[in-house]
1. What FRET efficiency comes out for A146 versus A88 if R0 is 25 angstrom and r is the Cβ-Cβ distance? Round to the nearest 0.05.
2. Taking K and R as +1 and D and E as -1, what net charge do the other residues with C-beta under 14 Å from the C-beta of P64 add up to?
3. Would you mind calculating the gained length between T117 and M32 on full extension (0.36 nm times residue separation, minus the Cα-Cα distance), in nm to one decimal?
4. Let me have the 222 nm mean residue ellipticity of the chain computed from DSSP H runs of 4+ only, each contributing -39500 (n - 2.57), with the sum over all residues rounded to the nearest 500.
5. Which of the GluC sites (Glu not before Pro) across region 47-150 are loop residues per DSSP, with 15 or fewer other Cβ within 10 Å?
6. May I ask you to list the trypsin sites (Lys or Arg not before Pro) in region 1-100 that are in a DSSP loop and have at most 10 other Cβ atoms within 10 Å of their Cβ?
7. List the extent of the Cα atoms of the chain along each of their three principal axes, largest first, rounded to whole Å.
8. With 10 angstrom as the radius, rank V147, V133, V138 by how many other C-beta atoms surround their C-beta, starting from the fewest.
Amino acid sequence: MGIRLAEGPDPVAALDPDLAQAARGIGVAVAMRLRELAPAIRPAGESGEPDLVIEEISLDPEDPLDPVTLLACISAHDAYVSGRGRSAGASPGALAIARILAWATRAEALGRAPRITWIGPPSRRPDDIAGHVVSASVRLSGADGAVRAAAVAIVA
């Protein structure tokens, strides 16, 4: 099943269809960048593909997760794992990176695009690149407990 929203009211259901389509378009653009970065996809367990529920997706500096950005992130994740031949797969790292890339794409629509000089997992962050740090984290829950992932971008 991959990654899905928690049970309850769907936060993107009330989106205008044109706005939802625009969010999916952002997701497709972000998925192309995810393919270049190739974050890991969780291996299938004994029960098949992972089934993870989104608990939280955050960005620092603080940027509220609105329905458009949420839909863009989910669309990017789903397009990425499908493109890797794992349509029901889950990549928490890709979801965290998608949060940063969706923020940057939306910022570009409002004016000058932030120039990301490096993006990836915090453990691989180079020490010699200067710039403003933007980080994202995701918390998911599944049958095996909580799953967390993080991503960092350095913006010039």
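No lab work stands behind these numbers, since they all come straight from the coordinates. Computed from a prediction, not measured in an experiment: that's the story for all the values here. Backbone-built Cβ (ideal geometry, glycine too); neighbour counts: all protein chains shown.
1. Numbers: r = 20 Å, r/R0 = 0.82.
The computed FRET efficiency comes out at 0.75.
2. Values: positive: R99, R106; negative: E56, D60, E62, D63, D66.
Counting the neighbours of P64, the net charge comes to -3.
3. Working: separation 85, 0.36 × 85 = 30.60 nm, distance 1.71 nm.
Once the chain is fully extended between T117 and M32, it gains 28.9 nm.
4. Working: 3 runs with 57 residues, N = 156.
Computed mean residue ellipticity for the chain: -12500 deg cm²/dmol.
5. The qualifying sites are E62.
6. Values: sites: R4, R24, R33, R35, R84, R86, R99; in loops: R84, R86.
Loop-located and lightly packed - none at all.
7. Projected onto the principal axes, the Cα atoms of the chain cover 44, 39, 26 Å.
8. Working: V147 18, V133 14, V138 26.
So the residues, fewest neighbours to most, are V133, V147, V138.
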